[in-house]
Amino acid sequence: MIKFKFISMALVTIAVAISTISCSPGRNYYYERYPSTRNSVSLIISSRPGLIINRYPDGRYYYRSPEGYYYWRGTDNRYYLDKKFIRKNHYSQNEYREWRSNGKRFNRRH
């Protein structure tokens, strides 16, 4: 009788241990919404002293950052990141919306 209780307790313990191990994931997964390898550069920069502005042959003004990003002057005299660099960086929806307007401010009241 004692052997039967001992064997049944051992089987219950083993069953609990196996079920606990089998229910937990074998690997710990960590998902990021955006990969951390992406850089984040400014979408819009303002003109300031020391900013070397160049003129493109078609008359547009641009700034080339030390990292190699190109910014083009908008209608509000701020410089907007070139379209080809957008996918290489991550931005919030508000930042992207402001960049997309390219300095064009619309007053909906009038």
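Tally up the residues in segment 63-89 that are assigned to a loop (DSSP other than H, G, I, E, B) and surrounded by 15 or more Cβ atoms within 10 Å (Cβ to Cβ), please.
3
Can you spot a residue in segment 13-36 that is out of contact with any Lys or Arg (no Cβ under 6 Å at 6 or more places or on another chain), at pLDDT 75 or above and not in a strand (DSSP E or B)?
yes
Does Leu43 satisfy being over 26 Å from the mean Cα position of the chain (by Cα) and at pLDDT 70 or above?
Taking the combined requirement at face value, the residue does not satisfy it.
The values are calculated or read from the model by the stated rules, or taken from the named source; none is laboratory data. Every value quoted in this text rests on a predicted model; they were computed, and no experiment measured them. Counting neighbours? That spans all protein chains shown, and the Cβs are built from the backbone with ideal geometry, glycine included.
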